[in-house]
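Undergrad: This is the structure I want to talk about, given as structure tokens.
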Amino acid sequence: MNPINFQHLYYFWMVAKHGGISPACRELHLTQPTVSAQLKTLEASLGVPLFQRDGKKLNLTPQGRVALDYANQIFGLGQELSQAIQGHRANPTMDLTVGVTDVLPKHLVYQFLIPAITGEFNVRLRCYEGKLGALLLDLANHRLDVVLSDSPIYQDISTELHSHVLGDCGLAAMGTPRLLAGASGTTLPAKVQSLPVLLPTANTGLRRLLDRWFDQYGLSVKVAGEFEDSGLLKVFAQQGFGLCFVPEVLAEFLTQTHGLQLLGRLDSGRTKFYALTAERMFQHPAVTRLKQAAHERLAVS
């Protein structure tokens, strides 16, 4: 068996990460013939093609995807080693790469991240937003250090991924003053029933909590819109299209910034927030700070 040349593997990793030889060459400050030759040498050493051409695009072969998974782990560990060593130097700079599910309120994400990027280390933050499934794949392949989500990792996804509860809080119903003026009834369920509502899509933890609350009171709500993106939902709420339901810890902030007023607090259901991590030899110190600060701010019931 031929030993793997890790320099060649690194060039392969960069090409796969950047989606082509040209962008990888710009990152590596090398010429295209040099990188192409190194890729061919690696493929010859492994005895299989790692890429296949589709016009001007390079696509990974099945063997290439396997090689990429291993390269992610190898060079992910290398980055962890660098961060662990830097932790003993004065004023080190380290990267923190965070995935954020698009249903999480942006201000709450900001509150979670501020303690992680301030303190004894200089942290360079990179944030990526997306669907939970895609983010978990990047997490498993060590392209992300942590994912912030309102849903935990289910056991059938991966035993190498872990869910850490950051905290939880109750839910509040909010709307514009003009919208709330049209509410009828004396109880919160009756008032919600009388107004249009804006909801997150069905694949979110918040939506599942709201559906249970609606069922609890036998409500058949008037859904004015469903949104994957929490920020877009709040824009429509700010324009008076319907009620929105938010973690109550954000109620004061939304009153100050969006002009929304509190209709009431739901009497059941608490939304939880999670930091999702992959199994690693070293815990990223900024992730540790993030979890500690969130536990102090949001008590878990």
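Undergrad: Let's see if you can work this out: charge +1 on each Lys and Arg Cβ, -1 on each Asp and Glu Cβ, no other charges. What is the dipole magnitude of segment 6-71 about its Cα centre, in debye to the nearest 20?
TA: With Lys and Arg at +1 and Asp and Glu at -1, about 180 debye.
Undergrad: With all distinct Cα pairs included, what does the Kirkwood hydrodynamic radius of segment 6-71 come out to in Å, to one decimal, could you say?
TA: 11.6 Å
Undergrad: Treating the angle as unsigned and between 0 and 90°, give the value, to the nearest 10°, between the Cα long axis of helix 285-297 and the longest Cα principal axis of the chain.
TA: 10 degrees
Undergrad: Still on this model: Give the calculated FRET efficiency between Lys222 and Asp267 to the nearest 0.05, with a Förster radius of 25 Å applied to their Cβ-Cβ distance.
TA: My answer for the efficiency is 0.75.
Undergrad: Still on this structure, please answer the following. What distance in nm separates the two pseudo spin-label positions at Asp229 and Ala190, each 7 Å out from Cα along the beta-carbon direction?
TA: 3.9 nm
Undergrad: Considering only lysines 8 or more places apart in sequence, or on different chains, count the pairs in the chain whose C-alpha atoms sit under 14 Å apart.
TA: Pairs that pass both the separation and distance tests number 4.
Undergrad: Return Thr186, Thr201 ranked ascending by Cβ neighbour count within 10 Å, so the fewest neighbours appear first.
TA: Fewest-to-most Cβ neighbours within 10 Å comes out as Thr186, Thr201.
Undergrad: Which one, Ser194, Gln261, Gly231, is farthest towards the positive end of the dipole of segment 169-271 when Lys and Arg carry +1 and Asp and Glu -1 on their Cβ?
TA: Ser194
Undergrad: Antiparallel DSSP bridges in the chain: what percent, to the nearest 5?
TA: Percentage antiparallel, nearest 5: 55.
Undergrad: For Cys244, Cys169, what ranking results if the residue with the fewest other Cβ atoms within 10 Å of its Cβ goes first?
TA: Cys169, Cys244
Undergrad: Show that you can apply the helix-only estimate: for the chain, add -39,500 (n - 2.57) for every DSSP H stretch of four or more residues, divide by all residues, and state [θ] at 222 nm to the nearest 500.
TA: For the chain, the value works out to -13500 deg cm²/dmol.
Undergrad: Considering only DSSP beta bridges where both residues belong to segment 169-271, give the percentage that are antiparallel (nearest 5).
TA: Bridges in segment 169-271 that DSSP calls antiparallel: roughly 60 percent.
Undergrad: Order of Thr187, Thr61, Thr204 from fewest to most other C-beta atoms within 10 Å?
TA: In order of increasing Cβ crowding within 10 Å: Thr187, Thr61, Thr204.
Undergrad: With charges only on Cβ, +1 for K and R and -1 for D and E, what is the dipole size of the chain about its Cα centre, in debye, rounded to 20?
TA: Once rounded to the nearest 20, the dipole reads 460 debye.
Undergrad: Still on this structure, I have one more. At 0.36 nm per residue, and after removing the present C-alpha to C-alpha distance, how many nm does the segment from Ser22 to Thr257 gain when stretched out fully?
TA: So the chain would gain 80.2 nm between Ser22 and Thr257.
Undergrad: A follow-up question, please. Rounded if a/c is under 1.5, else prolate if a/b beats b/c, else oblate: with a ≥ b ≥ c from the C-alpha gyration tensor eigenvalues square-rooted, which is segment 169-271?
TA: rounded
Undergrad: Can you tell me the Rg and the Dmax, both Å, for the Cα atoms in segment 152-217?
TA: Gyration radius and largest Cα-Cα distance of segment 152-217: 16.4, 51 Å.
Undergrad: While we're on this one: Which residues does the label zone of Phe6 cover in segment 37-70, counting backbone N under 16 Å from a point 7 Å along Cα→Cβ?
TA: Only 70 fall inside the zone, counting backbone N under 16 Å.
Undergrad: Could you state the orientation-averaged shadow area of the convex hull built on the Cα atoms of the chain, in nm² to one decimal?
TA: 19.6 nm²
Undergrad: Still on this structure, I have one more. Treating the beta-carbon of each Lys and Arg as +1 and of each Asp and Glu as -1, no other charges, what is the dipole magnitude of segment 169-271 about its Cα centre, to the nearest 20 debye?
TA: The dipole magnitude comes to about 160 debye.
Undergrad: May I ask which residue of Gly76, Leu290, Val109 lies farthest towards the positive end of the charge dipole of the chain, with charges of +1 (Lys, Arg) and -1 (Asp, Glu) on Cβ and the Cα centre as origin?
TA: Val109
All of the numbers you see were taken from the coordinates with simple rules; none came from a lab. Predicted, not measured: the structure shown is a model, and the values here were computed from it. For neighbour counting, all protein chains shown are included, and Cβ atoms are generated from backbone atoms with ideal geometry for every residue, glycine included.
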